[in-house]
1. Can you name every residue in segment 11-42 that is of a type in the set (D, E, K, R) and either surrounded by 14 or more Cβ atoms within 10 Å (Cβ to Cβ) or not assigned by TED's automatic domain parsing to the domain that holds Ala93 (or both)?
2. Quick check: is even one residue across segment 270-292 touching a Leu at 6+ places or on another chain (Cβ under 9 Å), assigned to a loop (DSSP other than H, G, I, E, B), without any contact (Cβ under 8 Å) to a residue 40 or more places away in the chain and under 20 Å from Ser75 (Cα atoms)?
3. Let me confirm something: among Ala109, Ala210, Ala117, which residue is at pLDDT below 90, under 21 Å from the mean Cα position of the chain (by Cα) and surrounded by 12 or more Cβ atoms within 10 Å (Cβ to Cβ)?
4. So how many residues does segment 75-122 have that are in contact (Cβ under 8 Å) with a residue 24 or more places away in the chain, basic (Lys, Arg) and not in a helix (DSSP H, G or I)?
5. Regarding Ile177, is this residue assigned to a helix (DSSP H, G or I), in contact (Cβ under 8 Å) with a residue 12 or more places away in the chain and of a type in the set (A, V, I, L, M, F, W, C)?
6. Please find, within segment 235-269, the residue that is nearest to Ile319 (Cα to Cα) out of those that are assigned to a strand (DSSP E or B) and small (Gly, Ala, Ser).
7. Among the candidates Glu326, Glu293, which residue alone is over 21 Å from Thr231 (Cβ atoms) and surrounded by fewer than 18 Cβ atoms within 10 Å (Cβ to Cβ)?
8. Name, by its number, the condition in (1) β-branched (Val, Ile, Thr); (2) surrounded by fewer than 15 Cβ atoms within 10 Å (Cβ to Cβ); (3) at pLDDT 90 or above that does not hold for Ile197.
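The values are calculated or read from the model by the stated rules, or taken from the named source; none is laboratory data. Remember, it's a predicted structure, so these values are computed and weren't measured experimentally. Methodologically, a virtual Cβ is constructed for each residue, glycine included, from the backbone with ideal geometry; neighbour enumeration extends over all protein chains shown.
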Amino acid sequence: MNRIVVGVDIAKRVFQLHWVEAETGEIVALQLKRERFLEHFANRSSCLIGMEACGGSQHWARSLQKLGHEVKLLSGRMVKPFVGGNKNDAADARAIWTAVQQPGIKVVAVKSEEQQAVLALHRMREQLVKFRTAQINGLRGLLTEYGEVMPQGRAGIKRDIPGALGRLSDRLPAIVIETLREQYARLGELDEQISQIERRLRQWQREDSATQRIAAIPGVGLLSATAAVATMGDAKAFKSGREFAAWLGLVPRQTGTGGRVRLLGISKRGDKYLRTLLIHGARSVLTSKSPPEWVSELMKRRPKNVAVVAMANKMARTIWALLAYERAYQSGYVSQPV
């Protein structure tokens, strides 16, 4: 007997389930409170459960797997085409139930709690960097109102702000100068918090062999290595390095009709954060003293940004190969056909 397929639309408090009874063909639409969700599946035989990858889905996927069920997480882009009519919880659960049964459907890997913890560090660091950038821009704008134009970049403004505040102290009220000094001191606090998170990521890297392997790839540093391992989850969830690169959005978008296909810019699908890290790493490789020969040849006939994305694509495929086959990085390695 085939397993029952259940589509689940998760939320904060109320979960919507959709399935079809194998014996009677009855269509069941069931609402469950959060407290009763796992209890419902604990009393059922093994099911194939489809859920949309969103906030909390990783936690519920791990919990359902512990109960013996198979869980597939689908991106919202895969589910949206199957939502017919008005959008509501019942329609979403039915769309997930339909999408999870489609052949060749792409799924999101279920991550371990450790991998999600590393991603949480990256998200908190990214948020602090945004706070710091906003703080710098705010200080630059305020000082410009009084004729003090700060240079571009974090280093320049941190170097010149003390002198600017000293010149303005004779012209502005003390309460304004004190507040500006407090805002400037906050930059140092944010720097220390960001450095503390990076130290914790470095400590995790020293304990994780997979992160150490891919950190040997040129252009892959601490942030790229830890983010790649945590974001990918299980490398075997992707059939090849090309599929992983496409999942990150490092391949061209396509448009065409009548058998004529036109390639556009990169698709920018997948994880924006990891894609950005890889592109920055690729740019550092291209600006090094000895970039790969194939990239140098590419830059002679294509724009620099095209070469940067091509290098990032190469890095993504190399990361997948090292993680999927548990190999160490070898410079100049040439793959052999199977």
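1. Step one: filter segment 11-42 for residues of a type in the set (D, E, K, R), giving 12-13, 21, 23, 26, 33-36, 39.
Selection gives Arg34 alone.
2. Among the residues of segment 270-292, at least one is touching a Leu at 6+ places or on another chain (Cβ under 9 Å), assigned to a loop (DSSP other than H, G, I, E, B), without any contact (Cβ under 8 Å) to a residue 40 or more places away in the chain and under 20 Å from Ser75 (Cα atoms), which makes the answer yes.
3. Details: Ala210 fails: at pLDDT below 90; Ala117 fails: at pLDDT below 90.
Step by step, each of Ala109, Ala210, Ala117 is checked, and only Ala109 is at pLDDT below 90, under 21 Å from the mean Cα position of the chain (by Cα) and surrounded by 12 or more Cβ atoms within 10 Å (Cβ to Cβ).
4. Selection size over segment 75-122: 2.
5. Numbers: assigned to a helix (DSSP H, G or I): yes; in contact (Cβ under 8 Å) with a residue 12 or more places away in the chain: yes; of a type in the set (A, V, I, L, M, F, W, C): yes.
For Ile177, the condition - assigned to a helix (DSSP H, G or I), in contact (Cβ under 8 Å) with a residue 12 or more places away in the chain and of a type in the set (A, V, I, L, M, F, W, C) - is met.
6. Narrowing segment 235-269 to residues assigned to a strand (DSSP E or B): 252-257, 260-266.
Imposing the further condition that a residue be small (Gly, Ala, Ser) reduces the set to 256, 265.
Working: Gly256: 31, Gly265: 23 Å.
Per the criteria, the residue is Gly265.
7. Values: Glu326 fails: over 21 Å from Thr231 (Cβ atoms).
So the residue among Glu326, Glu293 that is over 21 Å from Thr231 (Cβ atoms) and surrounded by fewer than 18 Cβ atoms within 10 Å (Cβ to Cβ) is Glu293.
8. Going through the list (1) β-branched (Val, Ile, Thr); (2) surrounded by fewer than 15 Cβ atoms within 10 Å (Cβ to Cβ); (3) at pLDDT 90 or above, Ile197 breaks only (2).
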